[in-house]
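Worksheet: the structure to be examined is printed underneath.
The values are calculated or read from the model by the stated rules, or taken from the named source; none is laboratory data. All figures in this text were calculated on a predicted structure; none of them were measured in a lab. We place every Cβ from the backbone using ideal geometry, glycine too, and count neighbours over all the protein chains shown. Just the protein is used for accessible areas: all its heavy atoms, side chains included, with ligands, DNA and RNA removed. Shrake-Rupley method; radii C 1.70, N 1.55, O 1.52, S 1.80 Å.
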Amino acid sequence: QEALRLSNGKKDLARDMLAKLTANLGIEAEEISHFFQQQAWSELQEKVHRLYGGCCYCGVPELRQASGELDALLVKGDHTGLPDSLNAVLKAIQRLREWVEDHDLDIIFDMENEDSTA
């Protein structure tokens with residue numbers, strides 16, 4: 001529903017944006033973990049900020065919130081809360097990946113469009 005709202009009811013746009021965001025989430029998670037382990041704070045912040053930006057257009061509230069919180073900590077330079085915030089992002093990524101694997105986005109967005117016109 002949120003993805004459709006964010007795309008002004010354009011189901012193809014909503015589906016495509018979500019598919020684009022989720023296409024490389026496994027790689028994104030690996031890179032985020034790598035930058036954290038290397039304490040490459042600038043690279044980590046850039047990666048997390050891009051992820052957060054993508055989430056803002058796709059209707060994925062859990063990952064949007066988690067990545068936004070991690071981004072804010074990195075911008076402030078507050079590294080004390082990073083492990084918990086990083087774990088929240090990685091868990092949200094995993095849950096989203098599992099959800100996408102279990103659902104056909106074409107069918108979901110076709111059903112969403114039918115529900116919104118009923």
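Scalar couplings 3J(HN,Hα) for the stretch 23-32, obtained by applying the Karplus form with A = 6.51, B = -1.76, C = 1.60 to θ = phi - 60°, are 4, 10, 5, x, 5, 4, 4, 4, 5, 4 Hz; x denotes Gly and Pro. The ellipsoid equivalent to the alpha-carbon distribution of the chain has semi-axes of 30, 13, 11 angstrom, derived from the gyration tensor eigenvalues as √(5λ) and listed largest first.
Rounded to the nearest 10 degrees, the angle from helix 41-55 to the longest Cα principal axis of the chain is 10 degrees. Per-residue ellipticity at 222 nm, computed for the chain from helices alone with -39500 (n - 2.57) per DSSP H run of at least four residues, works out to -26000 deg cm²/dmol. Per atom type, the stretch 1-108 shows carbon and sulfur on 48% of its accessible surface, probed at 1.4 Å. Between GLU101 and VAL75, the simple spin-label model (points 7 angstrom out along Cα→Cβ) gives 3.3 nm. State, as an integer percentage, the relative contact order of the chain based on alpha-carbon contacts under 8 Å between residues 6 or more apart. With pairs under 8 Å counted, the relative contact order is 32 percent. Highest mean packing first, where packing is the average number of other Cβ atoms within 10 Å per residue, the peptides 87-94, 17-24 line up as 87-94, 17-24. Which residue, ALA14, ALA40, ALA29, has the most motion in a Gaussian network model of the chain that connects Cα atoms within less than 10 Å? Judging by the Gaussian network model, the answer is ALA40.
Taking the chain as the region of interest, the number of lysine pairs whose Cα atoms are within less than 23 Å, with members eight or more places apart or on different chains, is 7.
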